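Below: the structure, in structure tokens.
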Amino acid sequence: MIDVAAADEVAAGATMRIDVDDFEICIARDSDGTIHAVDDVCTHGEVSLAEGEVEGCAIECWLHGSQFDLTSGRPLSPPAFEPVAVYDCKEIAGRILLDPSTVVN
């Protein structure tokens, strides 16, 4: 696991885009306060999910409105039909730790 950010940099309902090993990853905190990490690129429109809105445990692509479950990566609404990758991500001692080699979905 690698240290990617301070936990207080991502408030509830907020996102952050990070680059790890040439991958763009979206870090998002859901409304319950749980931290998640998914591919930053929407599978429909190839735009940044980190620029979208977090609602509950989902993130919405700002361009066409597709929503993705932050836990499974599966699309919850069209026009996206392909899931985004979800990465192992933990919050420990005030830091966000990510394993970009471990896709959990």
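The values are calculated or read from the model by the stated rules, or taken from the named source; none is laboratory data. What you are looking at is a predicted structure, and each value in this text was computed from that prediction instead of being measured. A quick note on method: Cβ atoms are made from the backbone with ideal geometry, for glycine too, and the neighbour counts reach across all protein chains shown. Each accessible area value is taken on the protein alone, full model and side chains, heavy atoms only, with ligands, DNA and RNA left out. Shrake-Rupley method; radii C 1.70, N 1.55, O 1.52, S 1.80 Å.
Points worth noting:
- Filtering region 64-99 to residues that are free of Cβ contacts under 8 Å to residues at least 60 places away in the same chain, touching a Cys at 6+ places or on another chain (Cβ under 7 Å) and either farther than 19 Å from S31 by Cβ or among the small types (G, A, S) (or both) leaves S66, A80.
- Residue selected from region 1-35 under the condition surrounded by 14 or more Cβ atoms within 10 Å (Cβ to Cβ) and polar (S, T, N, Q), by the criterion farthest from G56 (Cα to Cα): T15
- Some residue of region 6-20 being touching a residue at least 60 places away in the same chain (Cβ under 8 Å), farther than 15 Å from D99 by Cα and under 13 Å from the mean Cα position of the chain (by Cα): yes
- Picking from residues in region 41-64 that are assigned to a loop (DSSP other than H, G, I, E, B), at pLDDT 95 or above and among the small types (G, A, S), the one that is farthest from V84 (Cα to Cα) is G56.
- Criterion: out of contact with any Lys or Arg (no Cβ under 9 Å at 6 or more places or on another chain) and open to solvent by 20 Å² or more (accessible area, probe 1.4 Å) - qualifying residue of I92, I59: I92
- Selection count, region 41-56, where residues are out of contact with any Ser or Thr (no Cβ under 8 Å at 6 or more places or on another chain) and open to solvent by less than 30 Å² (accessible area, probe 1.4 Å): 2
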